[in-house]
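Reviewing the structure listed below.
The values are calculated or read from the model by the stated rules, or taken from the named source; none is laboratory data. The shown structure was predicted, so the numbers you read here are calculated from the model rather than taken from an experiment. For neighbour counting, all protein chains shown are included, and Cβ atoms are generated from backbone atoms with ideal geometry for every residue, glycine included. Just so you know, the surface numbers come from the protein's heavy atoms only, side chains and all, with ligands and any DNA or RNA stripped out. Shrake-Rupley method; radii C 1.70, N 1.55, O 1.52, S 1.80 Å.
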Amino acid sequence: MSKRILVVAAHPDDEVLGVGGTIIRHAEKGDEVKILLMAEGLTSRAAQRNVASFQSELDALHKNAARVAQALGAESTKLFNFPDNRMDGVELLDIVKAIESEIDDFCPEIV
């Protein structure tokens, strides 16, 4: 019987480095895997966060994250726009609500 697996990672590449093998194993078993990437992984390189100035790079990042998820066997990936390396400046409740919303929609057996 297949299961729904939700992977929550800080930013792109953490899902691969942290649990990439586990994602592949679940996908090969026929489990439905969804990946959440909380922070965008780019804007921390600038002195001040300006998402608009990184838009083309962010678009490429989103496409690459989707390709990686597909290569791992994940059904889908979702990237949130929380600030990379500035998560401590985000209200914890905002982060929790984003994850809870995905849990409510996806109903995973394993997170």
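The requirement of being open to solvent by 80 Å² or more (accessible area, probe 1.4 Å), in a helix (DSSP H, G or I), modelled with pLDDT of 90 or more and under 20 Å from Phe106 (Cβ atoms) is fulfilled nowhere in the stretch 72-92; no residue meets it.
Could you grab me the full set of residues in the stretch 35-71 that are surrounded by fewer than 18 Cβ atoms within 10 Å (Cβ to Cβ), in contact (Cβ under 8 Å) with a residue 24 or more places away in the chain and either among the aromatic types (Phe, Trp, Tyr) or in contact with a Ser or Thr (Cβ under 7 Å, 6 or more places away or on another chain) (or both)? Across the stretch 35-71, the qualifying residues are Arg49, Val51.
For Ala98, the conditions (1) out of contact with any Lys or Arg (no Cβ under 9 Å at 6 or more places or on another chain); (2) surrounded by fewer than 16 Cβ atoms within 10 Å (Cβ to Cβ) are fulfilled apart from (2).
Within the stretch 8-34, the set of residues being within 15 Å of Ser76 (Cβ to Cβ), more than 12 Å from the chain's Cα centre (by Cα) and open to solvent by less than 50 Å² (accessible area, probe 1.4 Å) comprises Ile23, His26, Ala27, Asp31. Against the definition (in a helix (DSSP H, G or I) and either at pLDDT 95 or above or surrounded by fewer than 19 Cβ atoms within 10 Å (Cβ to Cβ) (or both)), how does Ile5 come out, yes or no? No; evaluated as a whole, the condition is false for this residue.
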